[in-house]
Each structure stands twice: as structure tokens, then as C-alpha cells.
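Here's the structure we're looking at; comments come further down.
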Amino acid sequence: MSKMMFDYTKSILERVSFDPVLFCKELEKAIKTLLPYEMEQLQEWLLNFVVGKPELKPSLQLIKV
């Protein structure tokens, strides 16, 4: 089930990536719900995801990268 939650979180973040404010709100929700090892995966995914999206780079502060 946790793999499903992580995949769901990624899909939500991808869908809202057009709006940095909404992206940060959804990321905050994910931080509260995901397990510690899932957070490591999310952190890794997020680093790769924001490479071409400078408007989303402030969201990295939420996960303390």
C-alpha cells in the first residue's frame, strides 16, 4: 500500500506543478503523510523533478535538501 501512496503523491505533485504555491501545499501534505523511507524517495524524486523548473526550487526548502 505504501508504494501506492508514494506513487499517488508523485502524480499529484506532477499535476499541480504549474502552480508553485499549490505545489508547496501538496508537498507539505505529503511530508505529513509519508513514511520516513518514502520521504527519502520523495526527496530524490523532487531533486530530479525540479531541475528544469526553477519556479519550483523553493519547494526544496520544505524537505531540507
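Remarks
- Relative counts (whole %) of C-alpha pair distances in region 3-63, using bins that are 5 Å wide: 4, 20, 36, 28, 11, 2
- Protein accessible area in the chain, 1.4 Å probe - carbon and sulfur %: 60
- Rounded to the nearest 20 debye, the dipole size of the chain about its Cα centre is 80 debye, using +1 on the Cβ of Lys and Arg and -1 on the Cβ of Asp and Glu.
- Candidate membrane-span-like segments in the chain, meaning DSSP H helices with Cα atoms spread over at least 15 Å of their own axis and a Kyte-Doolittle mean of 0.0 or above, are 20-33, with no membrane implied.
- For Phe49, the solvent-accessible surface with a 1.4 Å probe is about 30 Å², rounded to the nearest 10.
- Between amide H atoms placed 1.01 Å from N, distances below 5 Å from Val50 occur with no residue 5 or more places distant or on a separate chain.
- Note that the chain presents 68 Å² accessible area per residue, ligands and nucleic acids not counted, probe 1.4 Å.
- Partner aspartates and glutamates whose Cα lies under 19 Å from the Cα of Lys3, excluding those fewer than 8 positions away in the same chain, are identified as Glu14, Glu26, Glu28, Glu38, Glu40, Glu44.
- 3J(HN,Hα) from dihedral phi, region 55-60, Karplus parametrisation 6.51/-1.76/1.60, rounded to Hz, x for glycine, proline: 5, 9, 4, x, 5, 4
The values are calculated or read from the model by the stated rules, or taken from the named source; none is laboratory data. Quantities reported herein were computed from a predicted structural model and do not represent experimental measurements. With ideal geometry, Cβ positions are generated from the backbone for all residues, glycine too; neighbour counts draw on all protein chains shown. All accessible areas refer to the heavy atoms of the entire protein, side chains included, with ligands and DNA or RNA removed. Shrake-Rupley method; radii C 1.70, N 1.55, O 1.52, S 1.80 Å.
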